[in-house]
1. If you scan segment 102-120, which residues turn out to be assigned to a helix (DSSP H, G or I) and either buried (at least 24 other Cβ atoms within 10 Å of the Cβ) or touching a His at 6+ places or on another chain (Cβ under 7 Å) (or both)?
2. When the residues of segment 36-75 are filtered to those that are under 14 Å from residue 96 (Cβ atoms) and among the small types (Gly, Ala, Ser), which remaining residue is surrounded by the most Cβ atoms within 10 Å (Cβ to Cβ)?
3. Somewhere in segment 67-82, is a residue in contact with a strand residue (DSSP E or B) (Cβ under 9 Å, 6 or more places away or on another chain) and under 21 Å from residue 127 (Cα atoms)?
4. Condition first: open to solvent by 10 Å² or more (accessible area, probe 1.4 Å) and without any contact (Cβ under 8 Å) to a residue 24 or more places away in the chain. Now tell me which residues in segment 127-146 satisfy that.
5. Evaluate the following for residue 63: is it closer than 27 Å to residue 156 by Cα and at pLDDT 95 or above?
6. With the checklist (1) modelled with pLDDT of 95 or more; (2) open to solvent by less than 80 Å² (accessible area, probe 1.4 Å) in hand, flag the one item residue 16 doesn't pass.
7. Are there any pairs with C-beta distances below 9 angstrom linking a residue in segment 10-28 that is under 13 Å from residue 71 (Cα atoms) to a residue that is open to solvent by 50 Å² or more (accessible area, probe 1.4 Å), with the two at least 6 apart or on different chains, and if so which?
8. Every residue in segment 24-35 that is open to solvent by 90 Å² or more (accessible area, probe 1.4 Å) and not β-branched (Val, Ile, Thr), please.
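The values are calculated or read from the model by the stated rules, or taken from the named source; none is laboratory data. Just so you know, these numbers come straight off a predicted model, no measurement behind them. Cβ atoms come from the backbone with ideal geometry, glycine included; neighbour counts cover every protein chain shown. Each accessible area value is taken on the protein alone, full model and side chains, heavy atoms only, with ligands, DNA and RNA left out. Shrake-Rupley method; radii C 1.70, N 1.55, O 1.52, S 1.80 Å.
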Amino acid sequence: MDKNFKYTTDVLALPLFFVLFLWIIYWLQIRYDFDFVENGIYPRTFSGLQGVIFSPFIHSDLSHLYNNSLPLLVLLAALQFFYAKLSPYVLIYGILLSGVGTWLIGRPSYHIGASGLIYVLFSFIFFKGIFTKYYRLVALSLTVIVVYGGMVWYVFPKVDEVISWEGHLAGFITGLLLAIINKTPEYEYQKPIKYDWEHPDYDASQDKFMQRFDENGNFVNPPIPEPEVEEDYFYSNSNVNYEITKNEKNESEPES
């Protein structure tokens, strides 16, 4: 497995916890007859800004919640596995920016549901894989477009008047922006290094070939290196005098 992709418990814990939280909110809504719809996004009103944070966790009915749960499980797991470092950033800014976008362009009605976040995840995973050109992430992008490619039609108006196409469009654009802004150099395509001068630590002054050119690019002969003097002996300027003396001890010479 690629060293950049490590399976951890967060790959399952994040999507399960997030979707479970949505179901708990919906259970509270029907159990105690709460009406959370008014906490959704109401475009271009001050009170409607609260929906930027709350709207992804509010759903109108069981069908609405169910249709959003499965894509969230799949896309959040993919985000956490392939882009673990960017996962919190994409979630937080994805919710905020897509919510603000919906608040700006939405029709004068309450916009609720996690579909905007789904479009953020869909758009980010697709475009990020294409931008990196890394084969595993490109394969993920193609898988996402094959499975959820039909979602693209719902970013246009009048395809379905019931749904919030403004939220879908805002989420789609947000995902694209996050894919552009966030850099992933560990995945970016890098041209294979063929020559020494392509290395980042290349020093032209140490290159034998480049030493044949001066600062103006003119070809010159390299300087003749000075011969190294090998000092294998000890040299001294002092005079040494030797004297020969007779053997005064009359020691007998050894017989041959």
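1. 102, 115, 116, 117, 118, 119, 120
2. Ranking the candidates gives 55 first.
3. no
4. Matches in segment 127-146: 130, 135, 138, 139, 142, 143, 145, 146.
5. no
6. Every condition holds for residue 16 apart from (2).
7. 15/73; 15/74; 16/73; 18/73; 19/70; 19/73
8. Of everything in segment 24-35, those that are open to solvent by 90 Å² or more (accessible area, probe 1.4 Å) and not β-branched (Val, Ile, Thr) turn out to be 27, 31, 32, 33, 34, 35.
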